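Visitor: Just passing along the structure, written as structure tokens.
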Amino acid sequence: MKNFLAVYMGMGGDKDAWNALSEAERKEKEKEGMVQWGKWMDDHRASIVEAGGPLGKTKRTDREGVSDIKNEMGAYIVVQAASHEEAAKMFENHPHFTIFPGEWVETMEIMPMPTM
């Protein structure tokens, strides 16, 4: 089994449609989304290495120093699977984009650290 980092992307998604909902409708969708997210977590419990969590503001550090930047990353999780394809398929129909205004999930293998 291999470990994979999955990053929930595009937390803007269909933000116009989301913002067009009344506050009561958004709260109901949030409640439904969290129930479905919890179900997804329960359904995949055996494959979850680290539950992860939401990501905050981003800072870039480079030769020029430190600066504030924006990206499309919203949250992360680490899962275990036999293949990259299997890891990616775990996120099909995920509440991140079926209920919430997120857009997609990116998965990448966490490679072993090279040795000298």
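Visitor: Have a look at 53, 74, 33 and tell me which one the Gaussian network model of the chain (Cα, springs below 10 Å) gives the largest fluctuation.
Guide: Among 53, 74, 33, the largest mean-square fluctuation in the Gaussian network model of the chain belongs to 53.
Visitor: Name the GluC sites (Glu not before Pro) in region 1-106 that are in a loop by DSSP and that have at most 13 other C-beta atoms within 10 Å, would you?
Guide: Numbers: sites: 23, 25, 28, 30, 32, 50, 64, 72, 85, 86, 92, 103, 106; in loops: 64, 72, 92, 103.
Passing both the DSSP loop test and the Cβ count: 64, 92.
Visitor: Can you compute the equivalent ellipsoid semi-axes for the chain, i.e. the square root of 5 times each eigenvalue of the Cα gyration tensor, sorted largest first and rounded to whole Å? Could the numbers behind the result be given before it?
Guide: On the way: eigenvalues 147, 99, 22 Å².
Each semi-axis is √(5λ); the values are 27, 22, 11 Å.
Visitor: May I ask you to derive the FRET efficiency for residue 113 and residue 72 from their Cβ-Cβ distance with R0 = 30 Å, giving the value to the nearest 0.05? Mind dumping the intermediate values first?
Guide: Numbers: r = 27 Å, r/R0 = 0.90.
Efficiency, from the Cβ-Cβ distance: 0.65.
Visitor: Considering the dipole of the chain built from charges on the beta carbon (Lys and Arg +1, Asp and Glu -1) around the Cα centre, which of 22, 108, 67 is farthest to its positive end?
Guide: 67
Visitor: Treat each spin label as a single point 7 Å out from the Cα along the C-beta direction, and report the residue 3 to residue 99 distance in nm.
Guide: Here the modelled spin labels are 2.8 nm apart.
Visitor: If you keep only loop residues by DSSP, which trypsin sites (Lys or Arg not before Pro) in region 38-116 have at most 16 other Cβ atoms within 10 Å of their Cβ?
Guide: On the way: sites: 39, 45, 57, 59, 60, 63, 70, 89; in loops: 57, 63, 70.
Qualifying residues, ordered by number: 57, 63, 70.
Visitor: Further question on the same structure: Quick one: what are the phi-derived ³J(HN,Hα) couplings along region 102-116, Karplus 6.51/-1.76/1.60 with θ = phi - 60°, whole Hz, x for glycine and proline?
Guide: Here the 3J(HN,Hα) series is x, 10, 7, 10, 9, 10, 9, 5, 8, 7, x, 5, x, 10, 8 Hz.
Visitor: Hey, another quick one. Cut-off 10 angstrom, C-alpha nodes, Gaussian network model of the chain. Which of 75, 46, 24 fluctuates the most?
Guide: 24
Visitor: What length, rounded to one decimal in nm, is gained on full extension from residue 58 through to residue 17, with 0.36 nm per residue of separation minus their alpha-carbon distance? The partial results should precede the final answer.
Guide: Working: separation 41, 0.36 × 41 = 14.76 nm, distance 2.59 nm.
Using 0.36 nm per residue and subtracting the Cα-Cα distance, I get 12.2 nm.
Visitor: Roughly how many Å² is the accessible area per residue of the chain, as a whole number, for a 1.4 Å probe?
Guide: 71 Å²
Visitor: If you average the sequence gap of Cα pairs under 8 Å that are 6 or more apart and divide by the length of region 18-100, what percent do you get for the contact order? List each step's numbers first, then the result.
Guide: Details: 67 pairs, mean separation 28.1, N = 83.
Dividing the mean separation by the residue count of region 18-100 yields 34 percent.
Visitor: Then there is this: Keeping the other protein chains in place, figure out the carbon and sulfur percent of the accessible area of the chain, with a 1.4 Å probe. Display every interim value, and only then the final one.
Guide: Working: 4350 of 8200 Å².
The C+S portion of the solvent-accessible surface of the chain is 53 percent.
Visitor: Please give the charge dipole size of the chain, origin at the Cα centre, charges +1 on K and R Cβ atoms and -1 on D and E Cβ atoms. Round to the nearest 20 debye. Don't skip to the answer; put the middle values down first.
Guide: Details: 14 positive and 20 negative charges, 68 e Å.
It comes to approximately 320 debye.
The values are calculated or read from the model by the stated rules, or taken from the named source; none is laboratory data. Everything numeric in this text was worked out from a predicted model, so none of it was measured. We place every Cβ from the backbone using ideal geometry, glycine too, and count neighbours over all the protein chains shown. For accessibility, only protein heavy atoms count, side chains too; no ligands or nucleic acids. Shrake-Rupley method; radii C 1.70, N 1.55, O 1.52, S 1.80 Å.
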